[in-house]
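The values are calculated or read from the model by the stated rules, or taken from the named source; none is laboratory data. From a predicted model like this one, the values you see are computed outputs, not experimental measurements. Note that we place each Cβ from the backbone using ideal geometry, even for glycine, and neighbour counts take in every protein chain shown.
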Amino acid sequence: MATYILRISTTSRGRRMILQDPNVILNTEDEMNFADARIIGLYAVLGDIDFVAIVDADDNAAAARFALELGVKAGLQTTTLPAIPIGRLEDRSGDRPGEQSAYTVIGSGPGAGAGAS
């Protein structure tokens, strides 16, 4: 399973649905019956979006289908972001001699942190 972050904004229809039933997002997920994607965390947030959902899905296609159906059924606008575990960003330059790594650990080494360049 891969992890995805769904940025969720409500439409006017979605806001009415949430006022009637604050659990409308989770209830809609239960009704959808997806075997290859599920919400593992749901948070109301302040700012330019209304909710953030953490979703486990088999792959990008499953995450996209899940977000689309959730949006249509619950009156939501979603943006789906794949979440990459920080451990996958480690330096891999030693994997193959002569090749430069596409991965480096962010914020590691001397001088790392805020303002480091």
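For segment 26-43, the criterion of a residue being within 19 Å of Met1 (Cα to Cα) and basic (Lys, Arg) is satisfied by at least one position.
Name the single residue, out of those in segment 1-30 being in a loop (DSSP other than H, G, I, E, B) and either over 18 Å from the mean Cα position of the chain (by Cα) or modelled with pLDDT of 95 or more (or both), that is nearest to Arg65 (Cα to Cα). Explain how you work it out, then say what you get.
Pass one, segment 1-30, residues in a loop (DSSP other than H, G, I, E, B): 1, 11, 21-23.
Those left that are additionally either over 18 Å from the mean Cα position of the chain (by Cα) or modelled with pLDDT of 95 or more (or both): 11, 21-23.
Working: Thr11: 19, Asp21: 24, Pro22: 23, Asn23: 21 Å.
Across segment 1-30, the extreme among qualifying residues is Thr11.
Pairs linking a residue in segment 55-84 that is within 14 Å of Glu29 (Cα to Cα) and touching a residue at least 40 places away in the same chain (Cβ under 8 Å) to a residue that is aromatic (Phe, Trp, Tyr) and assigned to a helix (DSSP H, G or I), with Cβ atoms under 8 Å and 6 or more positions apart or on different chains, are Val55/Phe66; Ala57/Phe66. Which one of Arg88, Arg13 is charged (D, E, K, R) and touching a residue at least 24 places away in the same chain (Cβ under 8 Å)? Going through Arg88, Arg13 in turn, the sole match is Arg13.
Among the residues of segment 77-90, the one identified as surrounded by fewer than 15 Cβ atoms within 10 Å (Cβ to Cβ) and under 18 Å from Ser12 (Cβ atoms) is Gln77. For segment 31-76, residues that are assigned to a helix (DSSP H, G or I), surrounded by 15 or more Cβ atoms within 10 Å (Cβ to Cβ) and in contact with a strand residue (DSSP E or B) (Cβ under 8 Å, 6 or more places away or on another chain) total 8.
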